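Step one of this worksheet: look at the structure below.
The values are calculated or read from the model by the stated rules, or taken from the named source; none is laboratory data. Owing to the predicted nature of the structure, the values given are computational and were not obtained by experimental measurement. Note that we place each Cβ from the backbone using ideal geometry, even for glycine, and neighbour counts take in every protein chain shown.
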Amino acid sequence: MPLQSFRNVFAGNPLNRASDRRMDAAWVAGKLADEASLAVAVWNGKVLVEKGGSGTQVSYIPAKMADDLAAGPERLLFMGLWNDTAVFAIDFEGPADPVDGPLEGLGRFEELRGIALELPDQEAAIAATAKQMFEWRRRHRFCAACGQPSESADGGWKRKCPACDTEHFPRTDPVVIMLAIHGERCMLGRQAAWPKGMFSALAGFLEPGESIEEACARELFEEAALEAVNVRYHSTQPWPYPSSLMIGLHADVASDQAHPDQTELSEVRWFTKAEARDLLAGKLAGAFAPPRLAIAHQLIRAWSEA
C-alpha cells in the first residue's frame, strides 16, 4: 500500500532495496550476470536518458554490460528489485562522454536537476538515489579512521577499510527548510547570489544534539531575527546535491519584524496568500519562486492554497 503523504520530486523510489541480500556477494554476482537485469548509467553526476513514447525516460543498459565496463565492484551499485528484475547503477568518471564510446546509440547524459520534472516520478527517484550514492563514493574513498583506501562492499552500500576493518556507510545530511508564517502572511528571503527577484523559504543544516523544531527556531532567529512559536511538519525531500534530506516545515512566528542578517540573507519580504499564489504562477512583478522541483515551492503552495 502506498504511503498516504505528500511526495516531493526525488521521493517515491519504487525499488525493493532488498537490503537483506546485499551482503550475499554470490547472489549479487548472479543478478549481475542475469540477462534480465538492468543498470542506470551515471557520468560525472549526469544520468543517461532517452526519448520514449511519453517523453524523457531513463535509458537502462544491460547489467551484464555495466559489469563488464565497471571491471570490478568499485563503480557498481546494486539498487534493488523492480518486481523480479534486479536494477544496478554504474558510475562513469572523466572527461570522455561514454555515449561517444561504449554507450554509443543508447541515449544522452543530462543533468538530473534540469530533467527531473520531465522524467516519470519513480525514475527521477531512482536516478537521484544513484547520483547520491556515487557522490558519497567519490567523497569517501579513504578510511576516516586510518587514512587508507577503502573498498566497496554490500553491493556498494558500504565501504570497508582492509587495513583496520572500519566500516563506513552512506551519509545523509538533514536540512530544515521552513516557511515563516505570521497571521495571513508568509515570509520569504533571498540571498544576494541568487538570480534577481528569486525568493524562497529559509533553510539550514540540523546540528548535532538539536531537534528538528529547535533547528527551525534557531535558523529563523539567526537569519531573520524571528521567534518561532509553533512548528508543523509538511514533508521531506531527498536532495542529491550532494546528499541532503530536506525537512519541510511551516513555522508560526511571534511577529512580522523580520531583519535579514546580511550574511545568509540579503532581503526578506512578506507575502499574502494571493501574492504567494501569483508568485508561484510567475505573475508577481519583480519576484519569482523556486521551481516545482524544490520543496520550498511545495511549502508555499500548501500554505497559500489552504
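On the basis of being loosely packed, with under 15 Cβ neighbours inside 10 Å and within 23 Å of the chain's Cα centre (by Cα), does E111 make the cut? Give the derivation first.
Numbers: loosely packed, with under 15 Cβ neighbours inside 10 Å: yes; within 23 Å of the chain's Cα centre (by Cα): yes.
Here the answer is yes, as E111 does meet what is asked.
If we scan the range 22-39, do we find a residue that is among the hydrophobic types (A, V, I, L, M, F, W, C), assigned to a strand (DSSP E or B) and closer than 25 Å to G101 by Cα?
Looking through the range 22-39, at least one residue is among the hydrophobic types (A, V, I, L, M, F, W, C), assigned to a strand (DSSP E or B) and closer than 25 Å to G101 by Cα.
Please determine whether any residue of the range 221-238 is farther than 29 Å from R171 by Cβ, of a type in the set (V, I, T) and not assigned by TED's automatic domain parsing to the domain that holds N44.
Yes.
Which condition number does E118 fail, the rest of (1) at pLDDT below 95; (2) within 23 Å of P14 (Cβ to Cβ) being met?
(1)
Mind listing whichever residues of the range 17-26 are exposed (fewer than 15 other Cβ atoms within 10 Å of the Cβ) and of a type outside the set (S, T, Y)?
D20, M23, D24, A25, A26, listed by residue number.
How about the range 45-64: which of its residues are surrounded by 13 or more Cβ atoms within 10 Å (Cβ to Cβ), outside any strand (DSSP E or B) and free of Cβ contacts under 8 Å to residues at least 60 places away in the same chain?
Within the range 45-64, S59, Y60, A63, K64 meet the criteria.
Under 28 Å from E151 (Cα atoms), of a type in the set (D, E, K, R) and either surrounded by 15 or more Cβ atoms within 10 Å (Cβ to Cβ) or at pLDDT 95 or above (or both): is that true of D97 in this structure? Spell out the reasoning first.
On the way: under 28 Å from E151 (Cα atoms): yes; of a type in the set (D, E, K, R): yes; either surrounded by 15 or more Cβ atoms within 10 Å (Cβ to Cβ) or at pLDDT 95 or above (or both): yes.
Answer is yes for this residue.
Look at D256 and say whether it is acidic (D, E) and part of a strand (DSSP E or B).
Here the answer is no, as D256 does not meet what is asked.
Determine, yes or no, whether D67 is touching a residue at least 40 places away in the same chain (Cβ under 8 Å) and either touching a helix residue (DSSP H, G or I) at 6+ places or on another chain (Cβ under 9 Å) or of a type in the set (A, V, I, L, M) (or both).
It is false that D67 is touching a residue at least 40 places away in the same chain (Cβ under 8 Å) and either touching a helix residue (DSSP H, G or I) at 6+ places or on another chain (Cβ under 9 Å) or of a type in the set (A, V, I, L, M) (or both).
Can you tell me which of L249, L226, L293 is assigned to a loop (DSSP other than H, G, I, E, B), in contact with a helix residue (DSSP H, G or I) (Cβ under 6 Å, 6 or more places away or on another chain) and crowded, with 16+ Cβ neighbours inside 10 Å?
The conditions single out L226.
Looking only at the range 13-63, count every residue that is at pLDDT below 95 and outside the structural domain of A124 (by TED's automatic domain parsing) and tell me the total.
Qualifying residue count, the range 13-63: 0.
Mind counting the residues in the range 183-211 that are closer than 17 Å to I295 by Cβ, without any contact (Cβ under 8 Å) to a residue 60 or more places away in the chain and outside any strand (DSSP E or B)?
Selection size over the range 183-211: 2.
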